[in-house]
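What follows is a short report on a single structure.
The values are calculated or read from the model by the stated rules, or taken from the named source; none is laboratory data. These numbers come from a predicted model, not from an experiment. Note: ideal-geometry Cβ built from the backbone for every residue, glycine included; neighbour counts use all protein chains shown.
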Amino acid sequence: MEGLQLSASYTFAQDRDDDRTVSNKSRNNTVVLGGTYEGQVGEGKLLVGTAYGRVNYQDKNSDRSSHQDGYQLSLGYAFSGLTASIDSGYVNAKHILNKENAEGLKYDGDSKGFYVSPGLQYQVTPTNKVYTNYLYQQQKQTKTVLGASVDNKQKTHGVLVGVDHKFNKH
């Protein structure tokens with residue numbers, strides 16, 4: 001199919017002990033799958049991008065799976081030098097490995113979050129463009145500290161405004 005690109009990536013564990021086994025509380029492996037599509041629709045171009053990634057963590061002290069999954073979707077439409085787009089993503093982390101909080105207490109927890117980011121960019125000249133986008137992000141963490149469950153929610157709002165300039169043709 002013209003305009004379609006697919007990709008895949010697998011990363012082996014990088015941190016190893018002296019006996020060459022995967023270090024405790026480090027990345028065991030990572031898998032990433034993605035794709036993009038760009039096709040003509042009417043007078044403009046439809047832009048679609050999607051990706052999935054999973055990171056597995058090594059925990060020699062537990063029989064539970066500790067991992068993080070991430071999903072992303074981008075949609076856009078480009079016409080007459082203007083591109084309108086929206087990006088979104090979701091992350092879900094299970095049994096994040098024992099970590100220490102500010103008081104030095106060890107905790108185990110889960111984390112979920114998402115973001116949405118609509119944006120615009122305009123090609124002013126062949127070498128210059130201006131762009132802006134808005135970001136809304138929300139994350140919820142559930143931690144277990146000394147047997148008690150603690151929830152923490154965070155919301156983020158942001159605005160980005162910028163200018164791009166190409167210094168050469170390639």
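A few points about this structure:
- Among the residues making up the range 1-19, those that are loosely packed, with under 11 Cβ neighbours inside 10 Å and in a loop (DSSP other than H, G, I, E, B) are MET1, GLU2, ASP18, ASP19.
- The residue list THR30, THR36 contains one member that is part of a strand (DSSP E or B), within 30 Å of GLY81 (Cβ to Cβ) and touching a residue at least 24 places away in the same chain (Cβ under 8 Å), which is THR36.
Condition check ((1) out of contact with any His (no Cβ under 6 Å at 6 or more places or on another chain); (2) outside any strand (DSSP E or B); (3) closer than 15 Å to LYS45 by Cβ; (4) modelled with pLDDT under 95) across all residues:
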position	(1), (2), (3), (4)
SER85	yes, no, yes, no
ILE96	yes, no, no, yes
LYS99	yes, no, no, yes
TYR107	yes, no, no, yes
SER111	yes, no, no, yes
VAL124	yes, no, no, no
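- Test for VAL22: is it surrounded by 15 or more Cβ atoms within 10 Å (Cβ to Cβ), among the hydrophobic types (A, V, I, L, M, F, W, C) and farther than 23 Å from TYR77 by Cα: yes
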